[in-house]
1. Here's a check for you: in the stretch B:166-206, which residue that is within 8 Å of chain A (Cβ to nearest Cβ), assigned to a helix (DSSP H, G or I) and open to solvent by 10 Å² or more (accessible area, probe 1.4 Å) is nearest to B:E89 (Cα to Cα)?
2. Considering only residues that are free of Cβ contacts under 8 Å to residues at least 24 places away in the same chain, at the interface with chain B (Cβ under 7 Å from one of its Cβ atoms) and in a helix (DSSP H, G or I), look in the stretch A:70-109 and name the one that is nearest to B:R204 (Cα to Cα).
3. Condition test on A:D188, is it surrounded by 21 or more Cβ atoms within 10 Å (Cβ to Cβ), outside any loop (DSSP other than H, G, I, E, B) and of a type in the set (D, E)?
4. Here are some residues: A:L135, A:L116. Which one is open to solvent by less than 10 Å² (accessible area, probe 1.4 Å) and more than 8 Å from every other protein chain (Cβ to nearest Cβ)?
5. Could you tell me whether any residue of the stretch B:25-37 is in contact with a helix residue (DSSP H, G or I) (Cβ under 7 Å, 6 or more places away or on another chain), at the interface with another protein chain (Cβ under 10 Å from one of its Cβ atoms) and modelled with pLDDT under 95?
6. Taking the condition in contact with a strand residue (DSSP E or B) (Cβ under 6 Å, 6 or more places away or on another chain), modelled with pLDDT of 95 or more and surrounded by 15 or more Cβ atoms within 10 Å (Cβ to Cβ), does A:L81 pass?
7. Check whether at least one residue in the stretch A:27-36 is more than 9 Å from chain B (Cβ to nearest Cβ), open to solvent by 20 Å² or more (accessible area, probe 1.4 Å) and at pLDDT 95 or above, and report yes or no.
8. Yes or no: the stretch B:138-148 includes at least one residue that is touching a helix residue (DSSP H, G or I) at 6+ places or on another chain (Cβ under 8 Å) and modelled with pLDDT of 95 or more.
Amino acid sequence: MTVSEIYAAVRLALDDAAASGVPASDDVYYLQAEALAAINEAQQQFALLTLCLEASGTVSLTSGTCFYSIRDSLTGYLVPLRLSISGARLEPARLTDLDARYFTWPATSGTPARYLQIGLNLLGIVPQQSGSSTLTVIYAKEPVVLTTGTDTPEIPAEYHPALVKYALYYLLQKRGGQYLSLAVEKWDEFLADAAQCAEYVRARYRARKYDTLPAEISVKVQKEAARA
Amino acid sequence: MPEPTIAWSEMVGELYPRLHATNESTLRWWTEAQLRQWANEALQQLARGATLFARRDTSITTVNGTRTYALPARHIATIHAAYDDRPLEPSDRLSLDALDVAADSALCGAGEAPTRWYEETLGVHAHIGVFPTPSAAETLAVIFLQQPDLFTSTASTAPIPRVLKAFIEDYVLAEAWSADSDFSMPELAAHLRQKREMYLNVYRSYWGRKQ
């Protein structure tokens, strides 16, 4: 679905066409810009909960340097999936692992074998290679912002209806009362869609032995296929 | 490229329609400053609850005979400390006193290095201490959780991915709708507050894993 198609589906469900009956840029309760923000947030939350968007990039490593700000180098970077140097995979490690294994791990020369990520942006490579090298990173990424009607969300097409559900949840909230009840229903359905996608992504990432898996989400609504 | 950031002006621009306004002047029950204050609370939750903002500081150089050193600005908690790139074991004053009756006066001999670090707990966590007291000038590298710069105006930014914007916006909406006014929607506020813990758990599983 394109953004225009998602927007049309949302407007149909909201039953908020402009009084003239002619599609206008803004409706009675909702602005078109507001609906676009809702669709963007829907895609962002879906990508966050499922880690379904994968990308690859490189980071130039400097001789003898342990720490890097990874978000400075990779567009849309969220979490690492697989790191390698010249095809050799780096194992994820924790600070306690490195403290136990190396005497002075922030300044240890050698062939890089491990990496650690702390927080959003701090990445460490241990040991540190002499001379420059290139780190290849496969990572889960956040989606590009949708701006025009012809843009297509990056998440799998079969989950585009989930974006309609989230957009309805986002837009109906502010009317409160019975609309809030309907909004929360749409939120539960969105979560169920995300949980189903996350399960598939989790299985795929396990098969590829990726380092980060999608978070486990508890859902109230079970999808039909999930009961089989 | 510098670390990508999200602008408060973008977030507040998306919040206005959700609060039945088109801009700051049409906000009926709140002010932009109030919304910004709640957004700052959300940032603090992300920093403390989800442990997102980790930094490594190498600006501290030890001094012969000096045990404690000022920590970097906006420090929340120290995760790791290394003296001359040698990791130090975390400790506390009670353990050090149990370890050495003369802990306060223990000094490294020639060629010796401190083995433990602790945070001074009097007042604000503004100082880090090492044991024994170093006798040489070496770099004390600290990995710590840091509070990001708060939003102070519409020009402010936060160093977060776009996917975290929804947490801040939902936080602001929850506080706005629960604020005492004729226009409050406590049921919506309760729903948005319930979502917070779910998202914080997701953030912790991705970025705040135990080290």
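The values are calculated or read from the model by the stated rules, or taken from the named source; none is laboratory data. Here the structure is a predicted model, which means the values were calculated and not measured. FYI the Cβ positions are ideal-geometry reconstructions off the backbone, even for glycines, and counts take in every protein chain you see. Protein only, heavy atoms only, side chains kept; ligands, DNA and RNA dropped before computing areas. Shrake-Rupley method; radii C 1.70, N 1.55, O 1.52, S 1.80 Å.
1. B:S205
2. In this case the residue turns out to be A:L95.
3. Values: surrounded by 21 or more Cβ atoms within 10 Å (Cβ to Cβ): no; outside any loop (DSSP other than H, G, I, E, B): yes; of a type in the set (D, E): yes.
In short, no.
4. Values: A:L116 fails: more than 8 Å from every other protein chain (Cβ to nearest Cβ).
Within the list A:L135, A:L116, the selection yields A:L135.
5. Within the stretch B:25-37, none of the residues are in contact with a helix residue (DSSP H, G or I) (Cβ under 7 Å, 6 or more places away or on another chain), at the interface with another protein chain (Cβ under 10 Å from one of its Cβ atoms) and modelled with pLDDT under 95.
6. On the way: in contact with a strand residue (DSSP E or B) (Cβ under 6 Å, 6 or more places away or on another chain): yes; modelled with pLDDT of 95 or more: yes; surrounded by 15 or more Cβ atoms within 10 Å (Cβ to Cβ): yes.
In short, yes.
7. Within the stretch A:27-36, none of the residues are more than 9 Å from chain B (Cβ to nearest Cβ), open to solvent by 20 Å² or more (accessible area, probe 1.4 Å) and at pLDDT 95 or above.
8. From the stretch B:138-148, those touching a helix residue (DSSP H, G or I) at 6+ places or on another chain (Cβ under 8 Å) are B:141, B:143, B:145-148; that's our starting set.
If we keep only those that are modelled with pLDDT of 95 or more too, we end up with B:141, B:143.
So far as the stretch B:138-148 goes, yes, one or more of its residues are touching a helix residue (DSSP H, G or I) at 6+ places or on another chain (Cβ under 8 Å) and modelled with pLDDT of 95 or more.
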